[in-house]
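Visitor: Have a look at this one before I ask anything.
The values are calculated or read from the model by the stated rules, or taken from the named source; none is laboratory data. Since the structure is predicted, the reported quantities are computational estimates derived from the model, not experimental observations. All Cβ positions, even for glycine, are placed from backbone atoms using ideal geometry, and neighbour counts span all protein chains on display. With ligands, DNA and RNA removed, areas are computed over all heavy atoms of the protein, side chains included. Shrake-Rupley method; radii C 1.70, N 1.55, O 1.52, S 1.80 Å.
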Protein chains: 2
Amino acid sequence: MPRTPQAANGARPSPGRELAHPDRDDITLTAVLHALADPMRLRVVRELAEDGGELSCTDIELPVTKSTCTHHYRVLRESGVLRQVYRGTAKMNRLRREDLDARFPGLLDTVLTAARGTPGS
Amino acid sequence: MPRTPQAANGARPSPGRELAHPDRDDITLTAVLHALADPMRLRVVRELAEDGGELSCTDIELPVTKSTCTHHYRVLRESGVLRQVYRGTAKMNRLRREDLDARFPGLLDTVLTAARGTPGS
């Protein structure tokens, strides 16, 4: 695919900067469980679930280095847990709730409830 | 702890051969999710759930080497997903369903249902 220059207003993501995401049917249970099996990634998912909208990587403070942070978001994106899009220079994140609920009914809510009940675990 | 000789009938586990398990309250969500985030370990959990009782490591055929197999069972035991006890020379495994259901209500069943719905994932 040819790389398209970024729109001047930065609002429309350029195809050349689109990030890879699995289609809904390609999301696997083990990849999702692995993505959720980390306290930092679980914190990101909880904050996105509470917000319900889009948050940038810097909106969610994680006590880790920038590169570790980038890694965690990549794991979450590649597993299908969240969708990342560029909005200008910011990478925005949104939980793929509909896709996850359709693929694995009840899983996300069960994990979120469990995480609320056992903080830090 | 001194090692106690194994009982002659092999039925009673010797204290010296007892394996380490987390107490119910020490089971963490991320450790359980990590333990379940592997197709081989998920297969073990599904078979133990279907059986409802104790199965030996050799009762559940996994297409992996013996040492990999031992590793998978250790991850499942140390995370609190299953209990392993020696019965004579055999290591028997039982799902810690009550502990998991008490600690993270609905989690195990949701994952088992998701695993049934998406074979191989």
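Visitor: Using bins 5 angstrom wide from zero, how does P(r) for the stretch B:67-120 break down, in % of all Cα pairs?
Guide: Reading upward from the zero bin: 4, 17, 20, 22, 21, 11, 4, 0.
Visitor: Considering only DSSP states other than H, G, I, E and B, which GluC sites (Glu not before Pro) in the stretch B:14-121 qualify as loop sites with at most 10 other Cβ atoms within 10 Å?
Guide: B:Glu61
Visitor: Now, a different point. Tell me the label-point distance for the pair A:Thr118, A:Lys66, using the 7 Å Cα-to-Cβ offset, in nm and rounded to one decimal.
Guide: If labels sit at A:Thr118 and A:Lys66, their model points lie 3.5 nm apart.
Visitor: Leaving ligands, DNA and RNA out of it, report the carbon-plus-sulfur percent of the accessible area of the stretch B:24-111 at a 1.4 Å probe.
Guide: The computed percentage sits at 46.
Visitor: Within a 10 angstrom radius of each residue's Cβ in B:103-113, how many Cβ atoms of other chains show up on average? Whole number is fine.
Guide: That works out to 5 on average.
Visitor: Interface A/B, total buried accessible area with a 1.4 Å probe, nearest 100 Å²?
Guide: 1600
Visitor: Ignoring ligands and nucleic acids, what accessible area does A:Ser79 show with a 1.4 Å probe (Å², nearest 10)?
Guide: My reading of the accessible area for A:Ser79 is about 10 Å².
Visitor: Rounded to a whole number of µm²/s, how large is the Stokes-Einstein D of the stretch A:24-111 at 4 °C and 1.567 mPa s, given Rh as the Kirkwood radius over C-alpha pairs?
Guide: Estimated via Stokes-Einstein, D reaches 100 µm²/s.
Visitor: What are the label-to-label distances in nm, one decimal and shortest first, from B:Asp109 to the same spot in the other copies, with labels 7 Å along Cα to Cβ?
Guide: 1.3
Visitor: Which distances, shortest first and in nm, link B:Asp59 to the matching position in the other copies, using label points set 7 Å out along Cα to C-beta?
Guide: Spelled out, the distances from B:Asp59's label point are 4.9 nm.
Visitor: In nm to one decimal, list the spacings between the A:Glu47 label point and its equivalents in the other copies, with label points set 7 Å along Cα to Cβ, shortest first.
Guide: 4.2
Visitor: Let me ask you something else. Say the dipole of the stretch B:24-111 comes from +1 at the beta carbon of Lys and Arg and -1 at that of Asp and Glu; which of B:Val45, B:Leu29, B:Ile60 then lies farthest toward its positive end?
Guide: B:Ile60
Visitor: Determine which residues of the stretch B:37-66 fall in the zone a paramagnetic label at B:Arg83 would reach in this model, i.e. backbone nitrogen under 19 Å from the point 7 Å along Cα→Cβ.
Guide: Taking a point 7 Å out along Cα→Cβ of B:Arg83, the residues of the stretch B:37-66 whose backbone N falls under 19 Å are B:45-57.
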